[in-house]
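Encoded as structure tokens, the structure appears first; notes follow it.
We did not get these values from a lab; they are worked out from the coordinates using the rules stated. Values in this document were obtained by computation on a predicted structure and should not be read as measured data. Neighbour counts run over all protein chains shown; Cβ positions are idealised from the backbone, glycine included.
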Amino acid sequence: MNYTKLKGLLLIALMAVSGLAGCLASEEDETTDAADAADAMDAEDGGYTYASNVDNHRSLMKDLCDMKTAASSDGGYDFAEAKNIYMNGKNAEKSDGSFRTLAGFAAADGKNHGYDAYYNASGSVDDHIMAAMDGTGDFAGVSDTVRYQGIAKLTVNMGMVAYTIHELNSAIAKADAGNVDNDSGAPHNWDEGWAFFHGPDEDYGCSPAKVMEKRAADFGTETDGVSNAFIASQAAMVDGLAALQAEDSAGYTAAADTVVKNLVITYSQAVLKYTSKMDSNDSAAKYQVEGYAFWKAIEAYSAAYTNACIHTDGNVTYVGNSDASACDANNETFDGHYGADKINEILNLQDASQLGASYDVTAHLEHVWAHYGITSDDIGSYS
């Protein structure tokens, strides 16, 4: 046998095997890289799978975290930096190099959330947030702690809740018009709603969804440690997306209504909690502003159901959203939004006389709950 020839053949074979192994390794690495890339572009947050790319919208939640940090005592009460992030953005960079901002939404005219109509002011969400940022209006002369709480709570709750509701209503409008394209139609707006309500899992702590978790723990309205309001909202969002894609009007309308109902549950719990804690000697003003900010998240969706008839002896009968005719039979005085006005009195940041007392605002909210089909079990009890 020609050993020189055999050696050459073996060398060629080894090189071929080595080359094949290299190719296989290369293909495996490419597959791994692709999988890693897919993981980096996670299409799911909090049990909801997005139908479209809303990465930029999801990134806005980190702005909320950064505003909170800047405005806190640990951040040196840097209200200027919090305002800079609010107005100019930081994390939600668009393809053109500009940034999505919470201020851009909050100050905009014509948004489909109902707050502007209720407050009779364009950009009403921005008005509230900017008062806390600048120490003006309701926040004139308050302490740094109160301003911080106003910034932290109003941006997350009034700001992002308004943004969520706007997107759900926009999705419904597009679906009603027949536009159910995942990338440009109703499902895309619906996805944006979840992005603003829950956000990326890593920034969940700065979201309205986190508030649901905390209030449910306060009021014992959990199942296996998970907020009942969150469970219902998440299921409604998942079902609503499917309904939009199927052009099921009744289904997606019911889903949006369920989300609003559970927002009312959560923020009712928050108002109940913090108004009851205003008898604190050291933290009454802090609790008052927390109640104020949480109340602003749902005032526009609650006030219409707090009308009352005032008896000549001063007693009050709540009549929900009934008009003045409800008071005619007993010659009583009609007071529209009576319950909402009473809550606003308690949460008036300029009235120090409200501090030092514990309040139970249940009576002011019961007809609100009745309107939304909210039961006492849904609200639970604070301990």
Notebook entry, point to check: Taking the simple approach of a point 7 Å from Cα along Cα-to-Cβ for both residue 358 and residue 80, what is their distance in nm?
Noted result: 4.3 nm
Next item on the list: Compute the signed sum of charges (Lys and Arg +1, Asp and Glu -1) over the other residues within less than 12 Å, Cβ to Cβ, of residue 236.
Entry: -1
Check: Going toward the positive end of the dipole of the chain, with +1 on Lys and Arg Cβ and -1 on Asp and Glu Cβ, which of 182, 145, 367 do you reach last?
Finding: 145
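Take 74, 203, 248 and order them by how many other Cβ atoms sit within 10 Å, fewest up front. Mind dumping the intermediate values first?
On the way: 74 10, 203 21, 248 16.
Placing the least packed residue first, the sequence is 74, 248, 203.
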Notebook entry, point to check: Once phi is turned into ³J(HN,Hα) by the Karplus curve 6.51 cos²θ - 1.76 cosθ + 1.60 with θ = phi - 60°, what whole-Hz value does each residue of the stretch 222-231 show in order, with x for glycine and proline?
Noted result: 10, 10, 6, x, 10, 4, 4, 5, 5, 4
Notebook entry, point to check: ³J(HN,Hα) across the stretch 320-333 via Karplus (A = 6.51, B = -1.76, C = 1.60, θ = phi - 60°), whole Hz, x for Gly/Pro?
Noted result: x, 9, 5, 8, 4, 4, 5, 9, 5, 4, 10, 6, 9, 9
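Report the net charge of residues surrounding residue 142, where surrounding means a beta-carbon distance below 15 angstrom and charges are Lys +1, Arg +1, Asp -1, Glu -1. Before the final figure, lay out the partial values.
Numbers: positive: 147, 153, 286; negative: 134, 138, 144, 290, 351.
Every neighbour counted, the sum reads -2.
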Item checked: the chain, dipole about Cα centre (Lys/Arg Cβ +1, Asp/Glu Cβ -1), debye to the nearest 20 -> 580 debye
Next item on the list: Match the structure shown to one of the listed values (1) 19.3; (2) 25.3; (3) 28.5 of mean projected area of the Cα convex hull in nm², computed from it, and give that label.
Entry: (3)
Next item on the list: Give the distance, in whole Å, between the Cα centre of the stretch 220-295 and the Cα centre of the stretch 47-104.
Entry: 22 Å
Next item on the list: Pop out the ³J(HN,Hα) list for the stretch 113-120 in order, Karplus 6.51 cos²θ - 1.76 cosθ + 1.60 with θ = phi - 60°, rounded to Hz; leave Gly and Pro as x.
Entry: 10, x, 5, 5, 5, 5, 7, 6
Next item on the list: Would you mind checking which residues have amide H under 5 Å from residue 319's amide H? H placed 1.01 Å from N; only 5 or more apart, or other chain.
Entry: 307, 308, 309
Margin query: For a 29 Å ceiling on Cα separation, which of these pairs sit above it: 83/286; 62/342; 68/273; 83/210?
Written below: 62/342
Note to self: To make sure I understand, if each residue's beta carbon is the centre and we count other beta carbons within 10 Å, what order do 337, 57 fall in, fewest to most?
What the structure shows: 337, 57
Check: Highest GNM mean-square fluctuation, the chain, Cα pairs closer than 10 Å: which of 363, 232, 175?
Finding: 363
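Tell me, in nm to one decimal, what length is gained between residue 56 and residue 238 on full extension, where the rule is 0.36 nm per residue of separation less the Cα-Cα distance?
Contour length minus Cα-Cα distance gives 63.5 nm.
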Next item on the list: Neighbouring Cβ atoms within 10 Å as the yardstick, rank 119, 305 fewest first.
Entry: 119, 305
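If you place +1 on the Cβ of every Lys and Arg, -1 on the Cβ of every Asp and Glu, and leave all else neutral, what size is the dipole of the stretch 79-163 about its Cα centre, to the nearest 20 Debye?
Working: 7 positive and 10 negative charges, 45 e Å.
Approximately 220 debye in magnitude.
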Checklist line | Amide H contacts of residue 45 (H built 1.01 Å from N, under 5 Å, at least 5 apart or other chain) | finding: 50
Notebook entry, point to check: How much length is gained on full extension from residue 226 to residue 140, taking 0.36 nm per residue of separation minus their Cα-Cα distance?
Noted result: 27.1 nm
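With Cβ to Cβ distances under 14 Å as the rule, what net charge do the other residues near residue 311 carry (K, R +1; D, E -1)? Walk me through the intermediate numbers first.
On the way: positive: none; negative: 313, 328, 332, 335.
With Lys, Arg at +1 and Asp, Glu at -1, the net is -4.
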